[in-house]
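The values are calculated or read from the model by the stated rules, or taken from the named source; none is laboratory data. Quick caveat, the model's predicted, so the values are computed rather than measured. Backbone-built Cβ (ideal geometry, glycine too); neighbour counts: all protein chains shown.
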Amino acid sequence: MFPELKIGEFTARVPIIQGGMGVGISLSGLAAATANEGGIGVISSVGLGLLEKVGRKNYRKNNLICLRKEIRKAKAMSDGVIGLNVMVAVSDYDDIVKVAIEEEIDILFLGAGLPLKIPEGLTLEYLKSVKTKIVPIVSSDRAAKLIFNSWEKKYDHIPDAVVVEGPKAGGHLGFKAEQIDDLHYALEKIIPKVIKILEPFKQRFGKDIPVIAAGGIFSGEDIYKFLKMGAAGVQMGTRFVATDECDADIKFKEQFVNCHKEDIGIIKSPVGLPGRAIINKFLTDVTSGIRMPFNCPWKCLKTCKMKQSLYCIADALMKAKIGNLTGGFSFAGVNAYRIKQIVSVKELMESLRKEFEETVLKLQGIKLANMII
């Protein structure tokens with residue numbers, strides 16, 4: 001009963017995109033496993049150079065070396081659709097995009113900033129000639145319109161789909177602190193607005209522009225709800241952390257199984273954005289003003305205020321990824337506490353499919369009962 005998700009010529013038989021999670025949480029292992037189950041598997045490009053045990057003198061170069069390695073590994077393990085999540089705010093954004101396209105990544109998901117122009121060194125003709133599809137991640141209809149207007153005006157060309165991420169997501173959020181719990185900014189409010197905003201672009205360019213819902217989506221019932229609202233698919237990150245194939249340490253995964261609702265909170269990130277994470281001693285300490293010593297090898301994020309920062313977020317996330325939870329922390333979606341066990345990606349997909357089908361049958365039963373009455 002799951003509909004297919006089509007982005008350009010790529011077709012996923014399951015309308016689920018596994019969200020890109022850094023640092024090193026979603027690499028080739030998780031992405032390939034998701035793609036093999038019919039979804040779209042996504043590698044996170046954030047901080048890959050930190051995972052190489054060669055020091056930090058060539059951090060920027062290591063990022064690209066590791067990126068090529070992960071894309072090639074994922075493609076070797078799967079014939080499915082593989083994507084890459086890239087933060088527009090990272091200093092080597094242009095280089096990452098170029099390498100990903102050279103490696104023939106299927107889809108580029110561009111978030112943490114507005115991709116209002118083609119990366120330096122690339123031409124429109126080149127982008128049109130490659131198979132890679134461009135999918136920006138936005139948090140509002142205004143952002144979507146800004147991106148599409150910019151591309152249309154500059155290039156007479158538009159992106160291939162849009163991910164709309166609401167305030168219930170894990171990680172950095174594209175909302176002000178006071179908007180996060182405001183129902184006016186709920187994903188259910190944003191999705192219809194983005195769909196409406198994109199309609200004129202669909203007409204003018206004669207192409208479909210799938211809208212993908214993201215942020216706090218947990219169950220098959222949630223998937224059904226957003227598909228009925230007009231979304232072509234959903235993106236889920238947190239649910240894929242507690243899987244066997246997730247590329248993080250088992251201690252990282254166990255946090256999600258063991259956390260409680262009250263453990264999940266909003267933090268102020270060194271990059272100047274609010275974020276949602278599992279609150280642990282590390283975060284409690286920095287919130288109280290304790291500075292964690294760090295040495296910044298280069299300014300990896302354009303917006304990072306490293307001189308005023310109490311810690312290096314890239315370093316903290318990398319340490320958590322390898323199981324050092326005293327030296328770092330984990331981003332998580334609002335529903336992380338609902339995860340009760342670590343399962344395989346196959347089991348997760350099957351459970352979501354079953355929940356989706358049960359929702360459909362339940363609603364069909366209600367509709368039939370109302371007709372009889």
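Worth pointing out:
- Annotation note: Cβ proximity below 9 Å between a residue of the range 318-332 that is part of a helix (DSSP H, G or I) and a residue that is basic (Lys, Arg) (sequence gap 6+ or interchain) occurs for Ala320/Lys251.
- Test result for Pro270, in a loop (DSSP other than H, G, I, E, B) and touching a Ser or Thr at 6+ places or on another chain (Cβ under 9 Å): yes
- Screening Thr132, Thr123 for residues that are without any contact (Cβ under 8 Å) to a residue 40 or more places away in the chain, of a type in the set (Ser, Thr, Tyr) and in contact with a strand residue (DSSP E or B) (Cβ under 7 Å, 6 or more places away or on another chain) leaves exactly one candidate, Thr132.
- Criterion: assigned to a loop (DSSP other than H, G, I, E, B) and either out of contact with any strand residue (DSSP E or B) (no Cβ under 7 Å at 6 or more places or on another chain) or over 22 Å from Met349 (Cα atoms) (or both) - qualifying residue of Ala248, Ala277: Ala248
- Glu125 being surrounded by 15 or more Cβ atoms within 10 Å (Cβ to Cβ), in a helix (DSSP H, G or I) and outside the structural domain of Ile313 (by TED's automatic domain parsing): no
- Residue match in the range 43-66 (condition: crowded, with 19+ Cβ neighbours inside 10 Å, in a strand (DSSP E or B) and touching a Leu at 6+ places or on another chain (Cβ under 9 Å)): yes
- Qualifying residue in the range 268-277 (condition: at pLDDT below 95, exposed (fewer than 15 other Cβ atoms within 10 Å of the Cβ) and of a type outside the set (A, V, I, L, M)): yes
- Pairs linking a residue in the range 339-358 that is over 22 Å from His260 (Cβ atoms) to a residue that is loosely packed, with under 14 Cβ neighbours inside 10 Å, with Cβ atoms under 7 Å and 6 or more positions apart or on different chains, are Phe356/Met1; Glu357/Met1.
- Meets criteria (in contact (Cβ under 8 Å) with a residue 60 or more places away in the chain and outside any loop (DSSP other than H, G, I, E, B)) for Phe2: no
- Per-region count, the range 51-70, residues at pLDDT 75 or above and either of a type in the set (D, E, K, R) or closer than 21 Å to Gly83 by Cβ (or both): 11
- Boolean, Thr11 is under 21 Å from Val135 (Cβ atoms) and buried (at least 18 other Cβ atoms within 10 Å of the Cβ): no
- From the options Ser91, Ser139, residue that is touching a residue at least 60 places away in the same chain (Cβ under 8 Å) and either within 18 Å of Gly22 (Cα to Cα) or not β-branched (Val, Ile, Thr) (or both): Ser91
- Failed item in (1) part of a loop (DSSP other than H, G, I, E, B); (2) closer than 30 Å to Lys61 by Cβ; (3) modelled with pLDDT of 80 or more; (4) not acidic (Asp, Glu), with Phe282 passing the rest: (1)
- Filter result for Ile16 (touching a strand residue (DSSP E or B) at 6+ places or on another chain (Cβ under 7 Å) and in contact (Cβ under 8 Å) with a residue 60 or more places away in the chain): yes
- The one condition from (1) buried (at least 19 other Cβ atoms within 10 Å of the Cβ); (2) touching a residue at least 60 places away in the same chain (Cβ under 8 Å); (3) within 18 Å of Asp160 (Cα to Cα) that Ala100 does not meet is (2).
Listed here are the residues, each with its yes/no results for (1) within 30 Å of Lys228 (Cβ to Cβ); (2) modelled with pLDDT of 95 or more.
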{"residue": "Lys261", "(1), (2)": "yes, yes"}
{"residue": "Gly289", "(1), (2)": "no, no"}
{"residue": "Pro297", "(1), (2)": "no, no"}
{"residue": "Cys312", "(1), (2)": "no, no"}
{"residue": "Val360", "(1), (2)": "yes, no"}
{"residue": "Ile373", "(1), (2)": "yes, no"}
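- Residues of the range 243-270 that turn out to be without any contact (Cβ under 8 Å) to a residue 24 or more places away in the chain and under 16 Å from the mean Cα position of the chain (by Cα), as a count: 0
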